[in-house]
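S.K.: Below: one structure in structure tokens.
Derivation of every value follows stated rules applied to the coordinates shown; laboratory data play no part. Everything numeric here is computed off the predicted structure, so don't read it as measured data. Heads up, the Cβs are rebuilt from the backbone with ideal geometry, glycines too, and the neighbour counts pull from every protein chain shown.
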Amino acid sequence: MPSGKHQHGMALMGVLMVIMLAGLGLAEAGSRWSDMQRREREQELLKVGDTMRKAIGNYYNLSPGMVKQFPPTLEALLRDERFPTPQRHLRKLYTDPVTGRPGWGLLYAPSGGIMGVYSLSGEQPFKTRNFPHPYQDFEKKKAYIEWIFAYMPETDNSSAISP
């Protein structure tokens, strides 16, 4: 017949097992939540990057006169002073969804001005395939910093270029 001390020891072992299993479950839940957050930031990067690419294209295509120009700064997308009534190509400057900080890497056109933006994050992306048409080159990229959202006037719809 088991003694009282032995029963207390078994109860303690049972409580420790429950605590250990709960800890493992919480660790797994935390990992999944973290992955979900990263995927959401990645989707936001695709959305914001595309919005900025389109704004750059709009700035370029609405250039007054014969010579088309890229914006000299991202702020020029907020208030384009080239017209009697300033134009707005963006409502606000977005923060980089992946890094969570303001500021983007900038791709400059050979003729001057900003023709594209990219995240400054060196993290490896979750998404590796099934990108929309202008971003199919992203499938070959190993880090977000290689996802370049650029307006290419030659092709009018192409936007992904390799660094």
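S.K.: Return the sequence-ordered ³J(HN,Hα) values of region 130-143 in whole Hz as given by the Karplus equation 6.51 cos²θ - 1.76 cosθ + 1.60 applied to θ = phi - 60°, using x for Gly and Pro.
M.R.: Each residue's phi maps through the Karplus curve to give 6, 7, x, 2, x, 10, 4, 5, 5, 4, 8, 8, 9, 8 Hz.
S.K.: Going by amide H atoms built from the backbone, whose H comes under 5 Å of the H on I148, apart from near neighbours?
M.R.: It is I161, by chain and number.
S.K.: Related question: What's the longest piece of the chain with no exposed GluC sites (Glu not before Pro), counting a site as exposed if DSSP puts it in a loop and it has at most 15 other beta carbons within 10 Å?
M.R.: Details: sites that count: E81, E123, E154.
Between exposed loop sites, the widest span is 1-80.
S.K.: Given R₀ = 45 Å, FRET efficiency for Q87-L24 by Cβ-Cβ distance, to 0.05?
M.R.: 0.20
S.K.: Give me the Å³ per residue figure for the convex hull around the C-alpha atoms of the chain. Intermediate results must be reported in sequence, preceding the final value.
M.R.: On the way: hull volume 22.3 nm³, N = 163.
Cα convex hull per residue, to the nearest whole number: 137 Å³.
S.K.: Still on this structure, I have one more. Counting helices only, and only those DSSP H runs with n ≥ 4, report the 222 nm mean residue ellipticity of the chain as the sum of -39,500 (n - 2.57) divided by its residues, in deg cm²/dmol to the nearest 500.
M.R.: Details: 1 runs with 58 residues, N = 163.
For the chain, the value works out to -13500 deg cm²/dmol.
S.K.: Roughly speaking, what % of Cα-Cα pairs in region 71-163 are separated by over 20 Å, rounded to a whole number?
M.R.: The answer is 43 percent, as a whole percent.
S.K.: Next up: Remind me, relative contact order of region 31-96 in percent, using alpha carbon pairs under 8 angstrom and six or more residues apart? Each step should come with its number before you reach the end.
M.R.: On the way: 50 pairs, mean separation 16.0, N = 66.
Taking the mean separation of contacting Cα pairs over the length of region 31-96, I get 24 percent.
S.K.: Still on this structure, please answer the following. Taking only pairs that are 8 or more places apart or on different chains, how many Lys pairs in the chain have Cα atoms under 24 angstrom apart?
M.R.: Lysine pairs meeting both conditions in the chain amount to 14.
S.K.: What is the distance, in nm, between label points placed 7 Å from the Cα along the Cα-to-Cβ direction at S34 and at L62?
M.R.: It works out to 4.3 nm between the two label points.
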